[in-house]
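Presented below is the structure to which this report refers.
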Amino acid sequence: MEHPSTIQRVGIIGGGQLAWMMGPAAKKLGLKLVVQTPSESDPAVAIAHSTLLADVADAAATQSLAAQCDVITFENEFIDCEGLQTLADGGTIFRPGLDVLALVLDKRHQREFFGRIGLPNPRYGFLNGDETEAELTAKGQSIGFPLVMKTRRLGYDGYGTSVVSDAIQLTATWGKFKQAPVLLEEFVPFKQELAVMVARSAQGDIAVYPTVETQQVDQICRRVLAPARVSPAVAATMESIARALVEQLQLVGIVGIECFLTHDDRVLINEIAPRPHNSGHYSLDACETSQFEQQLRAVGDRPLTPTRLICPQAIMVNLLGLDASEESHHQKLVALRQLPQATLYWYTKGIRPGRKLGHITQRLDGEADPIAAAAAIETIWYGSAGATEKTKLT
Ligand code: ADP
């Protein structure tokens, strides 16, 4: 591997839409992207300088990737950390480092780390698999019901997450989790869910994005409102959490931080993702520098650039696959393309109900009602029933 200051080729583990959206930024920065992804039809194959067809957890393939690149970054964290450690020991540069990836792969380690560095967690505990019935009940009671049970590894978009309302349900739900090690945490009756993206360079420069509000339907992000409708004090808390986190992690790259805002305006961390994040997609059209460009700047040793909004506000709506024909999806896309101040991203993935197939961002003036604007988009895509949904985990 060459010295980082001469970075020209960036390896990316994962070739989904996140890597695809790095394409224009890579071109702008004069970087070549080499993508490790399992299928020729994955979105980023279209923008890659070259592709290595292999699973993201295939560490032997990553060895070939390393031979072609100056630095390796991630768009997917479901990797084989131990396999990659051998490469890191041999000099491959991973940004962020594998210690960050290993931390994020396990929800228990995330919570313990947040606690160690003084960031605000919900109340939490664990089950290891050897607890007696009495210990199980005691753990549940120490957190309080309702509580949320989460698999420690490989959960996403709410898969592997269940709400438990009482001690009886705790036993039953754990049975469904096959008594594998789990995280238990208090059910947070949040007022809003907030997210913030933050990038850090190898020199220690930090660029924090505006805090946004995310709204999930069935635990999957449906819409993002930028900036979040929160007090300056809450926005400042989010920014200081973002700074503390990347400094403590010594992260090089970008990370998305998801939080809960309680009714008394306390911020609690939910989880982090050390890569571009769905909550930051709006930055492509609404910020001075997109999250994708900023990630490449950070990992490619280019100076970080400003993150400010370039419009008073913006909304992003995810376009999930519908239970409808391909033609019907395309008719809706035609309608969305007519919206003013809006940019549509269609990831050209196979259509499957519930799959993230694209998103649309609309820039808004200061007086616009962001919820009404999102509802107008959702009425086109999901039909009127989807327009005002905002569900919480129940
Ligand atoms: P995943 O890792 O699968 O994305 P998350 O932990 O982010 O799962 O949970 C998905 C969604 O479920 C969150 O965005 C939030 O709406 C809800 N949720 C998760 N944990 C809690 C909690 N402790 N209290 C209340 N709602 C929660």
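Here, each number is a calculation from the coordinates, and none is a lab measurement. Since the model is a prediction, treat every value here as computed from it, not as a measurement. Please note: Cβ atoms are built from the backbone with ideal geometry, for glycine as well, and neighbour counts cover all protein chains shown.
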Apply the Debye scattering formula to region 95-140, with a single equal point scatterer on each alpha-carbon and no solvent, then give log10 I(q)/I(0) at q = 0.31 Å⁻¹. -1.07
Alpha carbon centre of region 9-53 versus region 212-277: separation in Å? 26 Å
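When N is the residue count of region 240-394, what does its C-alpha Rg come to as a fraction of 2.2 N^0.38 Å?
Details: Rg = 17.3 Å, N = 155, 2.2 N^0.38 = 15.0 Å.
That ratio works out to 1.16.
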Nothing charged except the Cβ atoms of Lys and Arg (+1) and of Asp and Glu (-1): what's the magnitude of the dipole of region 252-296 about its Cα centre? Round to the nearest 20 debye. 140 debye
Restricting to lysines 8 or more places apart or on different chains, can you count the pairs in the chain with Cα atoms under 17 Å from each other? 9
Electrostatic dipole magnitude of region 164-257 [Cβ: Lys, Arg +1; Asp, Glu -1; Cα centre; debye, to 20]: 200 debye
List the trypsin sites (Lys or Arg not before Pro) within region 169-227 that fall in a DSSP loop (any state other than H, G, I, E or B) and whose Cβ has at most 10 other Cβ atoms within 10 Å. 178
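At 18 angstrom or more along the helix axis (alpha-carbon based) and mean Kyte-Doolittle of -0.5 or higher, what helices does the chain contain? Whole DSSP H runs only.
Numbers: long enough: 232-249 (26 Å, 0.74).
Helices passing the filter in the chain: 232-249.
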Amide H neighbours of residue 222 under 5 Å, at least 5 residues apart or on other chains, H built in the peptide plane: list them. 215, 216, 217
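Could you tell me the ratio Rg/Rh of region 108-185? Both radii from Cα atoms, Rh via Kirkwood. Let's see the in-between values first.
Working: Rg = 12.0 Å, Rh = 12.7 Å.
Here Rg/Rh amounts to 0.95.
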How large is the charge dipole for the chain, taken about the Cα centre, if only the Cβ atoms of Lys, Arg (+1) and Asp, Glu (-1) carry charge, to the nearest 20 debye? 480 debye
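How large is Rg over Rh for the chain, taking Rg from the Cα atoms and Rh as the Kirkwood inverse mean of 1/r across Cα pairs?
On the way: Rg = 20.9 Å, Rh = 21.8 Å.
Using only Cα positions, Rg/Rh for the chain is 0.96.
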Can you list residues from other chains, or at least 5 along the same chain, whose modelled amide H is less than 5 Å from the amide H of residue 52? 35, 36, 37
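Arranged by the count of other C-beta atoms within 10 angstrom, fewest first, what order do 287, 311 take? All intermediate terms of the calculation are to be shown ahead of the outcome.
On the way: 287 24, 311 16.
By the 10 Å Cβ count, ascending: 311, 287.
Give me Rg/Rg_expected for region 34-75, where Rg uses Cα atoms only and Rg_expected = 2.2 N^0.38 Å with N residues.
Details: Rg = 9.4 Å, N = 42, 2.2 N^0.38 = 9.1 Å.
Normalised Rg, Cα atoms only: 1.04.
Label region 149-274 by shape, choosing from rounded, prolate and oblate, from the square roots a ≥ b ≥ c of the eigenvalues of the Cα gyration tensor; if a/c is under 1.5 it is rounded, and otherwise prolate applies when a/b is larger than b/c, oblate when it is not.
On the way: a/c = 2.35, a/b = 1.60, b/c = 1.47.
Note, shape of region 149-274 comes out prolate.
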